[in-house]
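Note sheet for the following structure.
The values are calculated or read from the model by the stated rules, or taken from the named source; none is laboratory data. Note that the structure is a prediction, hence the values are computed from the model and not measured. We place every Cβ from the backbone using ideal geometry, glycine too, and count neighbours over all the protein chains shown.
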Amino acid sequence: MVELIRSHLTEQSEPRSAAEVASTLSQAHPERGIKTTVVRTTLEGLVAKNQAQRTKQGSSVFYTAPGSTEQPATPANDTQSSKQAE
């Protein structure tokens, strides 16, 4: 399960919620009976080991692969704008 989730996050270009990850993996591996709660727990374990990153928007939590350049928050975009202006 850990490898499936890590691989899925690496393939994504933008952050995904635990529900989105669970849904996609369930469709790709219907024989596994993947549950959102298990995916969320696994994602949090990956975050604890610095193998995934967590971002929060309001009450929603999104996950990305470590080192991913896509961030949903605006401050990262502001930093890029500042660098371009220099």
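If you go through region 12-25 and keep only what is part of a helix (DSSP H, G or I) and crowded, with 16+ Cβ neighbours inside 10 Å, you end up with 18, 20, 21, 22, 24, 25. Residues in region 54-70 that are closer than 12 Å to residue 6 by Cβ, at pLDDT 95 or above and not aromatic (Phe, Trp, Tyr): 64, 65. Can you find a residue that is out of contact with any Leu (no Cβ under 7 Å at 6 or more places or on another chain), assigned to a loop (DSSP other than H, G, I, E, B) and touching a residue at least 40 places away in the same chain (Cβ under 8 Å) anywhere in region 38-56? Looking through region 38-56, at least one residue is out of contact with any Leu (no Cβ under 7 Å at 6 or more places or on another chain), assigned to a loop (DSSP other than H, G, I, E, B) and touching a residue at least 40 places away in the same chain (Cβ under 8 Å).
Candidates are the residues of region 45-59 that are surrounded by 12 or more Cβ atoms within 10 Å (Cβ to Cβ) and out of contact with any Phe, Trp or Tyr (no Cβ under 9 Å at 6 or more places or on another chain); the one that is farthest from residue 15 (Cα to Cα) is 45.
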